[in-house]
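In what follows, a structure is listed as structure tokens, so that the remarks can point back to it.
Every number here is computed from the coordinates shown, using simple stated rules; none is lab data. None of these values were measured; they are calculated from a predicted model. Every residue, glycine as well, gets a Cβ built from its backbone with ideal geometry; the counts of neighbours run over all protein chains shown.
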Amino acid sequence: MTAAIALFTGAILMLAGLWSFLSNKNMVRMIIGFTLFDTGTHLIMIAIGYIKGGTAPIIEDINNAVTYVDPVPQALVLTSIVIGLGITAFMLIYAVNMYKKKGSLNIDKFKDLKW
């Protein structure tokens with residue numbers, strides 16, 4: 001997959017996720033939109049760090065001039081995946097608790113929790 005395709009796919013996923021969690025009133029659909037948005041950012045971050053013809057950043061010979069891929073975007077994406085998973089789990093637990101309290105996942109039913 002080339003970097004341009006990954007950037008385009010990431011942008012489409014981000015837009016679909018943004019549309020999903022801004023236009024829906026259902027909490028589960030909003031959570032799915034958040035995860036789509038999160039996945040799109042991961043793809044974009046990986047595509048930014050992509051170098052065509054680059055190799056893993058393992059230096060074996062100092063005199064050998066080889067193009068290395070920057071490992072920082074990959075490390076940031078791994079960290080972002082873990083944080084996104086934790087946030088998604090928290091949102092799902094919140095949605096389950098709200099469903100137990102009100103019997104609905106529609107956010108319009110929760111007027112007593114707004115300020």
Looking at the range 67-103, which of its residues are surrounded by 14 or more Cβ atoms within 10 Å (Cβ to Cβ) and among the small types (Gly, Ala, Ser)?
SER80, GLY84, ALA95
Given the conditions (1) in contact (Cβ under 8 Å) with a residue 24 or more places away in the chain; (2) within 30 Å of LYS111 (Cα to Cα), which single one is not true for GLY86?
(1)
The range 18-33, subset without any contact (Cβ under 8 Å) to a residue 60 or more places away in the chain and in contact with a Ser or Thr (Cβ under 7 Å, 6 or more places away or on another chain), residue nearest to ASN106 (Cα to Cα):
ARG29
